[in-house]
Ligand SMILES: [Fe+2]
Ligand SMILES: [Fe+2]
């Protein structure tokens, strides 16, 4: 239960945003060194610990590393029970490492097809539009004319709580020099479509590090990866992958704003300053007493 002390009412919607699991057939290690099944399992356990009943779990692409049928089946087997326990649907987004026909057949149990994997979700008035920025046979991103026209058509009617776009390739620059080879194309055209629409945020992946930006004035939040992350502590031109700092994001939607909380997936025991008893004690105080108890600096 959430006790409200400040000015903001509880969120209208809570989403879980994770990205880039890059699973392989048979549970093989990615690049021979990253145990991606294990890091996904740890992330899913952390999600179940962090959130009670999210409205959806959004996975922004590179679901499988090589598009293998068994990788999609493994992903489904790992995520489906969590989705069921949390009572939250999974919004799957395709990434450049995915193969649309195998993804459809083995993850979604749908007929295989090379059509873009787009979807529109109505989460109690919050609309999530999943775009497919992948280009079959390539790693860079694009949204072709047909998909852009489809998006414009969807956005012509606003949703009660506004819209979030979910896509793999973020429409933003990276400071890592060679990453621009794989960036999203037709960004000017996309900007024209979303500007002035009810789009309140763009969720993306692909970079394997957390990044926040704006695109056409709209906040963009890139979730890092569950598999391996980019060592952005190194100079831009020497960045490489590392088996550390995996994270996911909690997206809290309120009428006033949307917050994206980066949740590190780590094994650490926190201290117990803010115990349930402490919160209960605060709840019994008047607002002025609470301010005295928690905001007043000692001796001032
Ligand atoms: Fe990726
Ligand atoms: Fe990617």
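Bear in mind these aren't lab numbers, they're just calculated from the coordinates by the rules spelled out. None of the values given here were measured: they were computed from a predicted structure. Counting neighbours? That spans all protein chains shown, and the Cβs are built from the backbone with ideal geometry, glycine included.
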Can you tell me the orientation of helix 145-155 relative to the chain, as the angle in degrees between its alpha-carbon axis and the longest Cα principal axis, to the nearest 10? 30
Starting at 0 and stepping by 5 Å, how many percent of the alpha carbon pairs of region 200-263 end up in each bin? 4, 18, 25, 22, 15, 10, 5, 2, 0
Ranked output for segments 256-264, 286-294 by mean other Cβ atoms within 10 Å, highest leading, reads 256-264, 286-294
Enter the mean projected area of the convex hull around the alpha-carbon atoms of region 212-300, in nm², rounded to one decimal. 10.9
In Å, what is the Rg of the alpha-carbon atoms in region 13-270, and how long is Dmax? 17.0, 50
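Eigenvalues of the Cα gyration tensor times 5, then square-rooted: what semi-axes does that give for region 6-62, in whole angstrom, largest first?
Values: eigenvalues 185, 25, 15 Å².
Result for region 6-62: semi-axes of 30, 11, 9 Å.
Ratio of region 56-147's C-alpha Rg to 2.2 N^0.38 Å, to two decimals?
Details: Rg = 13.1 Å, N = 92, 2.2 N^0.38 = 12.3 Å.
The value comes to 1.07.
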Folded to 0 to 90 degrees: helix 36-50 orientation relative to the chain principal axis, Cα: 30
Rounded to the nearest 5, what % of the DSSP beta bridges within region 13-270 are antiparallel ones? 55
Label region 141-300 by shape, choosing from rounded, prolate and oblate, from the square roots a ≥ b ≥ c of the eigenvalues of the Cα gyration tensor; if a/c is under 1.5 it is rounded, and otherwise prolate applies when a/b is larger than b/c, oblate when it is not. oblate
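Per-residue ellipticity at 222 nm for the chain, helices alone: DSSP H runs ≥ 4 residues times -39500 (n - 2.57), over residue total, nearest 500 deg cm²/dmol?
Values: 7 runs with 72 residues, N = 300.
The helix contribution divided over the chain gives -7000 deg cm²/dmol.
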What are the principal axis extents of the Cα atoms in region 1-99, in Å, biggest first? 49, 22, 21
Can you give me the relative contact order of the chain as a percent, contacts being Cα pairs under 8 Å and 6 or more apart? 19
Highest mean packing first, using Cβ neighbours within 10 angstrom, the peptides 33-42, 56-65, 205-214, 164-173 sort as 56-65, 164-173, 205-214, 33-42
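Where both partners of a DSSP beta bridge lie in region 162-232, what percent of those bridges are antiparallel, to the nearest 5? Provide the component values of the computation, followed by the final result.
Numbers: 5 of 12 bridges.
That works out to approximately 40 percent antiparallel.
Cα gyration tensor of region 100-155, axes a ≥ b ≥ c as square roots of the eigenvalues: rounded (a/c below 1.5), prolate (a/b > b/c) or oblate? Mind dumping the intermediate values first?
Values: a/c = 2.29, a/b = 1.21, b/c = 1.89.
Taking the square roots of the gyration eigenvalues as a ≥ b ≥ c, region 100-155 is oblate.
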Give the order of 267, 52 when sorted by the count of other beta carbons within 10 angstrom, beginning with the fewest. 267, 52
